[in-house]
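Engineer: My structure is below; once you've seen it, I'll send some questions.
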Amino acid sequence: MTRKMTFALLLLALPATSAFAAPGLTGCAAKKADIEQQIDYAKAHNNSYRVAGLEKALAEVTANCTDASLRADREADVRKKEQKVAEREQELNEAKASGRADKIEKKQEKLNDAKDELAQAKDELNK
């Protein structure tokens with residue numbers, strides 16, 4: 001049980017640590033630096049399964065990543081998240097029309113989550 005909890009905490013901590021991986025790097029270089037940092041972290045914590053997966057990811061990035069393709073993927077993600085925000089706004093408007101406070105609150109939370117995801121996607125686009 002503690003091993004699973006440790007692994008879960010590791011997964012939660014990695015995005016926070018990878019944001020500081022290599023200041024000044026962008027695109028594929030930043031992506032490679034993030035993966036390399038995660039490999040070092042996994043090795044330091046004797047997580048051989050994570051190391052194997054990350055090394056495979058690093059090989060894929062090295063072989064296939066171009067800054068143009070990465071930017072296109074991130075732009076597509078932003079467009080997808082913008083569509084999701086629009087859908088959530090429509091759902092909120094429908095809930096407001098119904099007048100049910102419980103539905104309005106639920107739809108507002110979903111809209112807020114969608115907006116947060118969109119902000120994250122836009123941040124990624126600028127990396």
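The values are calculated or read from the model by the stated rules, or taken from the named source; none is laboratory data. What you see is a predicted model; the values in this text were computed from it and never measured. Cβ atoms come from the backbone with ideal geometry, glycine included; neighbour counts cover every protein chain shown.
Engineer: Which residue pairs have Cβ atoms closer than 6 Å, lie 6 or more positions apart in sequence or on different chains, and pair a first residue in the stretch 86-108 that is in a helix (DSSP H, G or I) with a second residue that is of a type in the set (G, A, S)?
Structural biologist: R88/A114; K103/A95; I104/A95; K107/A95
Engineer: Name the residues in the stretch 29-85 that are of a type in the set (S, T, Y) and in contact (Cβ under 8 Å) with a residue 12 or more places away in the chain, would you?
Structural biologist: Listed by number, the residues that qualify are Y41, T62, T66.
Condition check ((1) modelled with pLDDT under 95; (2) touching a Lys or Arg at 6+ places or on another chain (Cβ under 9 Å); (3) under 21 Å from K31 (Cα atoms); (4) loosely packed, with under 12 Cβ neighbours inside 10 Å) across all residues:
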position	(1), (2), (3), (4)
L54	no, no, yes, no
R71	yes, no, yes, no
D77	no, no, yes, no
K110	no, yes, no, no
L118	no, yes, yes, no
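Engineer: With respect to A21, is the statement that it is at pLDDT below 95, within 29 Å of N112 (Cβ to Cβ) and outside any helix (DSSP H, G or I) true?
Structural biologist: Considered against the rule, which asks whether it is at pLDDT below 95, within 29 Å of N112 (Cβ to Cβ) and outside any helix (DSSP H, G or I), A21 comes out as yes.
Engineer: Among R3, R50, which is the only one that is over 21 Å from A68 (Cα atoms), at pLDDT 80 or above and either assigned by TED's automatic domain parsing to the domain that holds Q120 or among the basic types (K, R) (or both)?
Structural biologist: Sole residue among the options that is over 21 Å from A68 (Cα atoms), at pLDDT 80 or above and either assigned by TED's automatic domain parsing to the domain that holds Q120 or among the basic types (K, R) (or both): R50.
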